[in-house]
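Here's the structure, in structure tokens; my notes come after.
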Amino acid sequence: MFNKNIKLVLIVLIVAFAVYQFTENNIGNGIFLLLLTVFPAFFYFKNEFILLAFLKLRKQDMDGAKKWLDKISNPEGALVKKQQGYYNYLNGIMVSQTNLSQAEKYFKKAIELGLSMDQDLALAKLQLAGIAMTKRRKIEAEKLLAEAKKLDKHNMLKDQIKMMQQQMKKSK
């Protein structure tokens, strides 16, 4: 895995070499090189290890997803801000099975750094609401649950939100 700055330097070098190829009347080579810049540009904004971790998570392979995330040794240096958010989001999902305090830290950091999709943000807030509920912080849990409900525009988390609201009513 390359540092985010190395990816930018790679893009600049490829574009410079493409311009050189155009000046040498090697138009085909220049066009090919410009098309080649798509890959480092894509991986600048979408980290390859995070994408692979999402694929493993989709198959319910938590160990495989954790293995891919562990390959990112320095998240601050290797990832842009949104990717750091998703790095923390994925770690929070995996740690939530075993350590709620650690998961809470990961989810809060993910929300602070930002997530691209409202659905991911809603899930992170729903998880935080569940953690707050287990730690008997009802006001915080209700607030987070309301925010999660607002962010869930496609009603994908509707059942989980309803279930959590019912649990909150029972514990009053």
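Taking only Cα atoms and a 10 Å spring cutoff, compute GNM fluctuations for the chain and point out the largest among 131, 31, 11.
Top of the fluctuation ranking is 31.
With a probe of 1.4 Å, find how much accessible area the range 1-85 has per residue, and write the answer as a whole number in Å².
It amounts to 66 Å² per residue over the range 1-85.
Would you work out which of 96, 171, 77 lies farthest towards the positive end of the dipole of the chain? Charges go on Cβ: Lys and Arg +1, Asp and Glu -1.
171
With every protein chain left in place, what is the accessible area of residue 149 in Å² (1.4 Å probe, nearest 10)?
Near enough 120 Å² of accessible area.
Please work out which option in (1) 1.34; (2) 1.17; (3) 0.93 gives Cα Rg over 2.2 N^0.38 Å calculated from these coordinates, and answer with its label.
This structure yields the entry labelled (1).
Relative contact order for the chain: what percent, with Cα pairs under 8 Å and sequence separation of 6 or more?
Values: 184 pairs, mean separation 23.4, N = 172.
For the chain, the relative contact order is 14 percent.
For the chain, with only Lys/Arg (+1) and Asp/Glu (-1) charged at the beta-carbon, what is the dipole magnitude about the Cα centre, in debye rounded to 20? Display every interim value, and only then the final one.
Working: 28 positive and 15 negative charges, 223 e Å.
Dipole about the Cα centre, nearest 20: 1080 debye.
Could you order the peptides 71-84, 102-115 from most to least packed, using the average number of other C-beta atoms within 10 Å per residue?
Result, highest mean first: 102-115, 71-84.
What FRET efficiency comes out for residue 140 versus residue 82 if R0 is 25 angstrom and r is the Cβ-Cβ distance? Round to the nearest 0.05. Walk me through the intermediate numbers first.
Numbers: r = 25 Å, r/R0 = 1.01.
With a Förster radius of 25 Å, E is 0.50.
Along Cα→Cβ, 7 Å out, is where each label goes; now give me the distance between the ones at residue 59 and residue 155 in nm to one decimal.
Output for this residue pair reads 3.4 nm.
Within the set 4/149; 81/169; 109/158, which residue pairs have Cα atoms separated by over 29 Å?
Numbers: 4/149 35 Å; 81/169 37 Å; 109/158 24 Å.
Cα-Cα > 29 Å for 4/149; 81/169; rest within.
Let me check I've understood the local charge: for residue 119, count other residues with C-beta under 9 angstrom from its C-beta, Lys and Arg +1, Asp and Glu -1. What total comes out?
Around residue 119, the surrounding residues sum to -2.
Express the carbon and sulfur contribution to the solvent-accessible surface of the range 54-172 as a percent, rounded to the nearest whole number, probe 1.4 angstrom. Please report the intermediate quantities before stating the final value.
On the way: 3750 of 7250 Å².
The C+S portion of the solvent-accessible surface of the range 54-172 is 52 percent.
Please work out how much accessible surface residue 98 shows to a 1.4 Å probe, ignoring ligands, DNA and RNA, in Å² rounded to 10.
So the heavy atoms of residue 98 present about 120 Å² to solvent.
The values are calculated or read from the model by the stated rules, or taken from the named source; none is laboratory data. Quick caveat, the model's predicted, so the values are computed rather than measured. Quick reminder, even Gly has a Cβ in these numbers, built from the backbone with ideal geometry, and neighbours come from all protein chains shown. With ligands, DNA and RNA removed, areas are computed over all heavy atoms of the protein, side chains included. Shrake-Rupley method; radii C 1.70, N 1.55, O 1.52, S 1.80 Å.
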